[in-house]
Amino acid sequence: MQNGRAVLADSVTSVAKALNPLGAAAEIVATVGACAVEIGRFRIEKGRLQARHDTATKLIRARQSTIIGLFDTRMRDSEQIKVSLGELHHGYREMVRMACDLRISSAERIATQGTLTILSGQIVGHHANSGDTLVRLSDSLSVAETKTAIAAWRGLDSRR
């Protein structure tokens with residue numbers, strides 16, 4: 001293909017020349033033969049792509065299942081732990097400091113920013129609405145978006 005048009009390769013032209021005794025049919029037979037070869041190549045490539053897709057899908061599903069299990073376990077654990085608002089504020093300040101620290105790796109900053117989002121969502125609300133100095137950890141985490149993603153993944157699993 002060149003500029004969206006089919007162009008015969010030199011090899012097809014050579015085959016057509018070898019078929020010269022066929023006259024005008026030589027180029028047609030050579031072209032049809034080249035098409036048959038390309039169709040075979042497409043089938044092989046489609047099989048390779050399908051195999052890569054299947055492997056990637058299995059990897060993604062395995063990672064999703066692992067994340068779901070880890071999330072569920074940690075959320076159950078968070079229901080049993082109480083933390084002080086002061087501890088939450090301290091953790092929040094530490095995450096802010098790390099998120100701005102260019103000396104740490106990009107991966108650490110990204111993880112820090114994700115944690116910061118989860119911590120920041122509920123601290124102010126608890127502080128404003130509660131006279132308690134201790135809160136259940138699960139009540140202080142802002143994980144609604146994560147719960148939504150986990151629920152969507154579970155839905156995908158049930159349809160598979």
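The values are calculated or read from the model by the stated rules, or taken from the named source; none is laboratory data. Since the model is a prediction, treat every value here as computed from it, not as a measurement. Cβ atoms come from the backbone with ideal geometry, glycine included; neighbour counts cover every protein chain shown. Side chains are part of the model used for accessible areas, which takes the heavy atoms of the whole protein and leaves out ligands, DNA and RNA. Shrake-Rupley method; radii C 1.70, N 1.55, O 1.52, S 1.80 Å.
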What figure, in Å² to the nearest 10, do you get for the accessible area of Arg74 with a 1.4 Å probe and non-protein molecules left out? 150
Measure off 7 Å from each Cα along the Cα-to-Cβ vector at His53 and Cys100, then give the distance between these two points in nanometres to one decimal. 4.8
According to a simple spin-label model (label point 7 Å from Cα along Cα-to-Cβ), what is the distance in nm between Arg43 and Ala25? 2.5
In whole Å, largest first, the alpha carbons of the chain cover along the principal axes 98, 40, 22
Quick one: angle between helix 106-129 and the longest Cα principal axis of the chain, in degrees between 0 and 90, rounded to 10, please. 40
Going by alpha carbons, how many degrees (0 to 90, nearest 10) lie between the helix axis of 144-159 and the longest principal axis of the chain? 40
Angle, helix 25-78 long axis vs. longest principal axis of the chain, Cα atoms, 0 to 90°, nearest 10? 10
